[in-house]
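Have a look at the structure below, then the notes.
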Amino acid sequence: MRISKKILLFSVLALCLVFTAFRNSDKYFLIAKNLDIFAAFYRELNTYYVEDLPPEKLMYKGIDAMLAETDPYTDFVPEENLDELRFMATGKYGGVGASIYTMGEWTSITDVYEGSPMDKAGVKAGDVIVSLNGKNAKSMSQDEVSRILKGNAGTPLNLVLRHPVTGKERPLQIIREDINVKPVSYSGIVHNDVGYIKLTQFTEGSGLQVQHAFTQLKQSNPHLKGLVLDLRGNPGGLLEEAVVMSNIFIDRNKLIVSTRGKVKSWDREYKTNLSPMDAVIPLVVLTNHSSASASEIVAGAVQDLDRGVVIGQRSYGKGLVQTTRPLPYNAKLKVTTARYYTPSGRCIQAIDYSHRNEEGEADYVPDSLRRSFTTAAGRPVKDGGGIEPDLKVETSSLSQVAVTLLRKQYIFDFATRYYYAHPKIKPASEFVLTEAEFDEFEKYLDGKDYSYKTRSEEALEGFRNTAQKEKYYDGLSKEFEALQAKMKHDKKQDFLRNKTEIKQLLEEEIVNRYSPQRGRIEKGLSWDKELDQAIHILHQPAKYQELLTKKG
């Protein structure tokens, strides 16, 4: 009887293997068949079509069509775009170390990185690019200007710049260098006893930079009440760096993240392998809707292991892992190969690209399908929608008038004038624009166009368009026009109503001229609601512990 059972079991296993082999065989046959059809189709089309067809353009369209069936993170990278892939991994690129903005016919320098070739040449924010390598830069697109500014380290760039106030032009030759954008954009002590580190990306060495910044903070203030790790706006990067960074605060041999995909031999568990720098200091991680990928790995590990408190808004929800594969002619395929899972076992991918509607659009995972998990201390957490903070802080969007003043460069231009009129100002954290100086900005705007549509006006216009399509508008036109007249905004009143917000933006832009990058961040911390909430929690140990043990 036992022998017959064994024979039956082996027979079933053998049949399963046969069926699997047939399925794989069918799949490989279909791939080979369709590749033959594709090659033959292209050959016939290229041979007999009445016009010449550009081969590269045609192939790229075919590749784009295939990529449309995947997710936004799977991409084809031709050889000429490999620098972008390198920058995402290393934070380095060949160039001059400046950011730009094109407004109207001219492109201006908006930021100069400390120690860069532009900085060494004395280039300042506000300088206007007149020509590049002998080519007139007037009406040149921002993309084209950016392409010319970049280049291999050691190569020269000849340009002519115009002073934004005097209008005087000067020629320069700048030698491009390898520009290394530092992932730790700011670190310092806030409120006298709380450490603060802002990380903008997870590139090579970012974990070591955070470790170095944390060491300096502890040396400057050995009695820190806590640390705030700011991952807001951080799009992520290298998974390995997220593990290194987590290990700074989390004990050895703790699971940080695991990856699982179709190729089972690639499945991995990533654990901390070193003793942490500090496994007890109270820790707050700040997130927002733009915190993604590696940022969510760190926030998820800190939350699942109850190592700290997450404050802010729900993160982006990118739970997919990409791997780079080589292609002929130095091209690359960046392909999603796995999903990643936090220590509690949840995948926080928010959009389900494996299921699409009839229009081919993917949608968010509905709340009804999100599964519950628990942290090490038993706190409930969910998958399928990013990292939900332990303490939510509602975000506030900029007013329409402020957005328009930024977009039209009026705040930027006023800060440029201010910089050349004031050789020195107080440190960023202490600088305040006086009422008289704000009045100057108001006068500066006289005669300038900063008209815009309020959100209410946009909604009303949308209603009108729908009513016209549905043939209701004629009967409602009088009421519509009366409502439109009532809603017509006074931009002067909007300006005064949002004075505090506009003043803050002006102060940030001005201090950034005297202390590039660092000044803007330091000034912005003065009115940062999420940071204030983090400091408040770190100053209340009982509340901090309550958030770490709350069972829902």
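Rule-based calculations on the coordinates, nothing more; no lab input. Quick caveat, the model's predicted, so the values are computed rather than measured. Virtual Cβ from ideal backbone geometry, glycine too; neighbours counted across all protein chains shown.
Distance from the alpha carbon centroid of segment 446-474 to that of segment 127-155 works out to 39 angstrom.
Each peptide among 509-521, 135-147, 111-123 gets the average number of other Cβ atoms lying within 10 Å of its residues, and from highest to lowest they stand as 509-521, 111-123, 135-147.
Packing-based ranking of 295-306, 247-258 yields 295-306, 247-258, ordered from highest to lowest mean Cβ neighbour count within 10 Å. Each residue of segment 185-192 was assigned a 3J(HN,Hα) from its phi angle through the Karplus curve 6.51 cos²θ - 1.76 cosθ + 1.60 (θ = phi - 60°); the sequence is 7, 6, 8, x, 9, 10, 6, 6 Hz, with glycine and proline shown as x. Compactness of segment 200-352 was expressed as the Cα radius of gyration divided by 2.2 N^0.38 Å, which yields 1.07.
The peptide list 53-66, 190-203, put in order of mean Cβ contacts within 10 Å with the highest first, becomes 190-203, 53-66. How many percent of all Cα-Cα pairs in segment 92-180 sit more than 23 Å apart? When all Cα pairs of segment 92-180 are counted, 11 percent exceed 23 Å. Taking θ as phi - 60° and the Karplus parameters 6.51, -1.76 and 1.60, the scalar couplings of segment 330-339 work out to 6, 7, 9, 10, 9, 10, 6, 10, 7, 9 Hz in sequence order, x denoting glycine and proline. Expressed in Å, the radius of gyration and Dmax of the Cα atoms of segment 214-283 are 14.9, 49.
The helix-based estimate of mean residue ellipticity at 222 nm for the chain, built from -39,500 (n - 2.57) per DSSP H run of four or more residues and divided by its residue count, is -13000 deg cm²/dmol to the nearest 500. Restricting the calculation to Cα atoms, segment 272-360 shows an Rg/Rh of 1.08 when the hydrodynamic-style radius is the Kirkwood one. For the chain, the antiparallel share of DSSP beta bridges with both residues in that region comes to about 75%. Kirkwood's formula applied to the C-alpha pairs of the chain gives a hydrodynamic radius of 27.8 angstrom.
The stretch between residue 339 and residue 40, if pulled fully straight at 0.36 nm per residue, gains 104.0 nm over its current Cα-Cα span. Measuring against 30 Å, Cα to Cα, the residue pairs 453/529; 392/503; 182/453; 92/543 contain 182/453; 92/543 as the ones spanning a longer distance.
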